[in-house]
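Structure first, then comments.
The values are calculated or read from the model by the stated rules, or taken from the named source; none is laboratory data. Just so you know, these numbers come straight off a predicted model, no measurement behind them. Cβ placement follows ideal geometry from the backbone for every residue including glycine, while neighbour counts extend to all protein chains displayed. SASA here: full protein model, heavy atoms, side chains in, ligands and nucleic acids out. Shrake-Rupley method; radii C 1.70, N 1.55, O 1.52, S 1.80 Å.
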Amino acid sequence: GDEGVVITDVDPQSDAADKGLKAGDVILQIAGVAVSDPSGLAAGVKKAMDGAKTDKDTVKVLMQVKSGDQTRFVALSLTRSKA
């Protein structure tokens with residue numbers, strides 16, 4: 001369909017891999033933002049990072065992910081980039 005962004009690769013050492021995300025899964029929503037293309041995914045990540053009430057380098061973000069016939073919510077830890 002035309003909703004969501006397909007995951008093409010998952011770092012085996014990442015929190016995403018630990019939570020069971022894999023290539024072929026589809027991200028439907030991140031931080032309450034519906035995702036239909038990569039720019040929507042970036043907007044959701046930015047919202048999660050901007051809305052974090054912490055100065056830590058890592059924030060938790062809730063994502064809605066479709067794996068096969070099942071849809072589930074996954075809380076991932078994202079690391080702030082140090083620019």
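The condition of being aliphatic (A, V, I, L, M), under 12 Å from the mean Cα position of the chain (by Cα), closer than 18 Å to Ala75 by Cβ and modelled with pLDDT of 90 or more holds for only one of Val35, Val6, that being Val35.
Condition check ((1) open to solvent by less than 90 Å² (accessible area, probe 1.4 Å); (2) assigned to a strand (DSSP E or B); (3) of a type in the set (Val, Ile, Thr); (4) modelled with pLDDT of 90 or more) across all residues:
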| residue | (1), (2), (3), (4) |
| --- | --- |
| Met63 | yes, yes, no, yes |
| Phe73 | no, yes, no, yes |
| Leu78 | yes, yes, no, no |
| Ser81 | no, no, no, no |
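Residue count for segment 27-53, restricted to those that are in a loop (DSSP other than H, G, I, E, B) and either on the phi > 0 side of the Ramachandran plot or among the acidic types (Asp, Glu) (or both): 3.
Scanning segment 1-21 for residues that are surrounded by 12 or more Cβ atoms within 10 Å (Cβ to Cβ) and of a type outside the set (Asp, Glu) gives Gly4, Val5, Ile7, Val10, Ser14, Ala16, Ala17, Lys19, Gly20, Leu21.
Answer yes or no: is there a residue in segment 17-26 that is at pLDDT 95 or above, under 11 Å from the mean Cα position of the chain (by Cα) and part of a strand (DSSP E or B). Yes, because at least one residue in segment 17-26 is at pLDDT 95 or above, under 11 Å from the mean Cα position of the chain (by Cα) and part of a strand (DSSP E or B).
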